[in-house]
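This report refers to the structure that appears directly beneath it.
Every read-out reported here was derived from the displayed coordinates using simple, explicitly stated rules and does not represent laboratory data. All figures in this text were calculated on a predicted structure; none of them were measured in a lab. No Cβ is skipped: glycine too gets one built from the backbone with ideal geometry, and neighbour counts run over all protein chains shown.
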């Protein structure tokens, strides 16, 4: 039975914390996207996350904690890169992959754990209220668009017991994930924190492998979420388009109301549903998922996404659009 969406006030936080201590789940806002929270080391609670999301069992979860001290308690070792990055960017949209503390249950997963301290006041208040480390993948069905509002959560996961409404997420795209068990550290998933900012702290940064994890399973443990071949996808078919003239050709040939366009350019074909996003990469990322939700809500069958500019600042946006458009 669901309590639906509740205000993230003292009463709502108490109810959410009670559910979490009972090994149930609830959704809550972070500065990146809404997460589906569960006691990170309760097999029962984590299984409910995977069930509700219909998430493949090989796809790991990020553990959210209230402080760097709590994070260090989950790690067997705390490398110098972890110390430097946590000191600079926590609370914030950075997840660090460290060697898992030996006392933590592995449950068949990798020998590592991804951890972050979120910056959203509701997320931090919930962590303090429940006193638990919380696994919190995005609160949506697996492979679909991540939620940036409480309404997005309810539409994707109508059976979630409770959603704490903290308003729209400020950053609108998932955390950056960095593996600090290797030297130099390796980027596993681009996200809301830029590569430039990370390099200013640790210097060299290895980039992720070119080949994504297939959506139907893997042969070895995966250290980060968000690596599936298809992910973050709208209901509509999404296609990346380089040439503006191609956008116009699609729009001219399409039946009215069937085409939506996602672009950062001020000019777009007339007669189609257009989502004009900012030419600034951070602002574009912050509205990307919400724009995809709006195009789905408009009922378009096809979304044409104008290919964003090149460069490290746009890496996370390119990653999300590439996975959303994968077959």
Mind giving me the nanometre distance, one decimal, between the label points for residue 67 and residue 239, set 7 Å out from Cα along Cα→Cβ?
5.4
Distance in Å, no decimals, from the C-alpha centre of the stretch 147-207 to the one of the stretch 55-96 is 12
With n ≥ 4 as the cut-off for DSSP H runs, can you work out [θ] at 222 nm for the chain, using -39500 (n - 2.57) per run divided by the number of residues, rounded to the nearest 500?
-9000 deg cm²/dmol
Length-normalised contact order for the stretch 237-324 - Cα pairs under 8 Å, 6+ apart - percent
38
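Which whole-number percentage describes the relative contact order of the stretch 12-108, with Cα contacts under 8 Å and a sequence gap of 6 or more? Don't skip to the end; give the middle numbers.
On the way: 77 pairs, mean separation 19.5, N = 97.
Reported relative contact order: 20 percent.
Rank the residues 103, 231 as a footprinting-exposure proxy: fewest other Cβ atoms within 10 Å of their Cβ go first.
Details: 103 9, 231 25.
Ranking 103, 231 by Cβ neighbours within 10 Å, fewest first, gives 103, 231.
Which ordering of 177, 202, 272 is given by a fewest-first count of other beta-carbon atoms within 10 Å? Mind dumping the intermediate values first?
Values: 177 25, 202 18, 272 21.
Least to most surrounded, the residues fall as 202, 272, 177.
Quick check on the exposure proxy: order 130, 169, 26 from fewest to most C-beta atoms within 10 angstrom. Mind dumping the intermediate values first?
Working: 130 21, 169 24, 26 27.
Going from sparsest to densest Cβ surroundings: 130, 169, 26.
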Mind giving me the FRET efficiency for residue 183 and residue 7? R0 is 51 Å, r the Cβ-Cβ distance, nearest 0.05 is fine.
0.65
Sketch the reach of a paramagnetic label on residue 278 as a point 7 Å from Cα along Cα-to-Cβ, and name the residues of the stretch 144-170 whose backbone nitrogen lies under 13 Å away.
170
What is the gain in length, in nm to one decimal, between residue 252 and residue 301 on full extension, counting 0.36 nm per residue of separation less the C-alpha to C-alpha distance?
16.1 nm
Pick from 162, 74, 276: which residue has the top mean-square fluctuation in a GNM of the chain where Cα pairs under 10 Å get a spring?
276
Under a Gaussian network model of the chain whose springs join Cα atoms within less than 10 Å, the largest fluctuation of 208, 234, 308 belongs to 208
Cα-projected label distance for residue 270 with residue 43, points at 7 Å along beta-carbon direction, nm:
6.4
Taking only Cα atoms and a 10 Å spring cutoff, compute GNM fluctuations for the chain and point out the largest among 310, 75, 228.
310
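Taking only C-alpha pairs under 8 Å that are 6+ residues apart, what is the relative contact order of the stretch 4-202 in percent?
33 percent.
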Tell me the label-point distance for the pair residue 18, residue 209, using the 7 Å Cα-to-Cβ offset, in nm and rounded to one decimal.
4.7
